[in-house]
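Have a look at this one.
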Amino acid sequence: MKQKQNIGIVMALIIIIILLVLFYANACSNATPAPAPATTAAEASPANTAEIKAEVLSNVNLRSGPGTNYAVVGSVPANSKVTVIGRTEDGKWLRVKSDAAEQVWVTADAALIKIEQSLLNSLPVVEAPALPYDVNNPKVNDVLNKIPLVLHNAQSFTCASHGGLNNLIISLQEGNVMGPHAGDFVMGQDNVLFKYTGGSLALIRENPVARFEGGAETLPFDKAMQLFQNGEIVWTGTFGQSPGRGVTGCDPAMK
């Protein structure tokens, strides 16, 4: 009798266990799955890393800031492209990518530069840099807008500007060296020249082995303009001086 009771208890336990398993299995199958984590728009779309390009329609100057009162630090030939990374608030000037100068700008004039309006509008507005020199200083103004300049070639000179660095008639190439048509730019006991290197103009000594303070081979353009402004670099020539460096027609004042 006792054995039959034990068998009954075991059977009852087995039935209870089976019922519990079935109950939990049914509960799990009807449970609502947890929602997947929401994906933000930024996660759904890859970051927009495409560079914005502008097409150069005609030779244009590169400047150290957004305006013609900023110095020319280089040039870009027609039928080339520049990478644009910013703009002025009115969209009239574009900041372009450069490995050399801290800021390099080009006009957004539609006759010279082609860029889609939607891309132009998407560019960040960049504040214009403060000029570290006074463009109205007579000595600075002479260098920027008046002194005829020549390109130093291996065995000769060719005219680079009839009147200052802001009015170049050549498209600068890496390694180009320029100086005054007449006289010299003198700093201390040495002559100095402008060299186009790494995408911008820099000051070098005419003596190829000479160096500036601290062993520097070049001085930045802004520093050069400060030296002209302070009278630490002087121009020893005069307008209309003959024979100059023998480039006919380079100095409009020559008769």
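Quick one: pull the percent of accessible area on the stretch 140-255 belonging to carbon and sulfur, 1.4 Å probe, ligands and nucleic acids left out.
Within the stretch 140-255, the accessible surface is 48 percent carbon and sulfur.
Counting heavy atoms of the protein chains only and a 1.4 Å probe, report the per residue accessible area for the stretch 132-255 as a whole number of Å².
Heavy-atom accessible area per residue stands at 48 Å².
So what J values fall out for the stretch 115-126 if you push phi through Karplus, 6.51 cos²θ - 1.76 cosθ + 1.60 with θ = phi - 60°, rounded to Hz, Gly and Pro as x?
8, 4, 4, 5, 5, 4, 5, 7, 6, x, 7, 10
Going by average Cβ density within 10 Å per residue, which order do the peptides 162-174, 112-124 take, highest to lowest?
So the peptides 162-174, 112-124, ranked by packing, come out 162-174, 112-124.
Determine the sum of side-chain charges near A108: Lys and Arg each +1, Asp and Glu each -1, restricted to other residues whose C-beta is under 11 angstrom from that of A108.
+2
Still on this structure: Cβ under 14 Å from E217's Cβ, E217 left aside: what net charge do those residues give with Lys, Arg +1 and Asp, Glu -1?
Around E217, the charge tally is +1.
I'd like the Karplus ³J(HN,Hα) series for the stretch 189-200: coefficients 6.51, -1.76, 1.60, θ = phi - 60°, whole numbers in Hz, and an x wherever there's a Gly or Pro.
9, 10, 7, 10, 9, 9, 10, 8, 9, x, x, 8
Please give the Cα centre distance for the stretch 93-154 versus the stretch 193-242, rounded to the nearest Å.
19 Å
If you line up the Cα atoms of the stretch 48-126 on their principal axes, what length do they span on each, largest first, in Å?
The principal-axis extents, from largest down, are 31, 25, 24 Å.
Another question, if that's okay. Quick one: net charge of N79's neighbours, Cβ under 12 Å, K/R +1, D/E -1?
Here the count lands on +1.
Hey, which of these cross-link pairs are over 27 Å Cα-Cα: K139/K195; K53/K146; K114/K223; K97/K223; K146/K223?
With Cα atoms farther than 27 Å apart: K53/K146; K114/K223.
The values are calculated or read from the model by the stated rules, or taken from the named source; none is laboratory data. Computed from a predicted model, the values in this text were never measured in an experiment. Don't worry about glycine lacking a Cβ; one is built from the backbone with ideal geometry, like all the others, and counts go over all protein chains shown. Accessible surface is based on the protein model in full, side chains and every heavy atom, while ligands, DNA and RNA are left aside. Shrake-Rupley method; radii C 1.70, N 1.55, O 1.52, S 1.80 Å.
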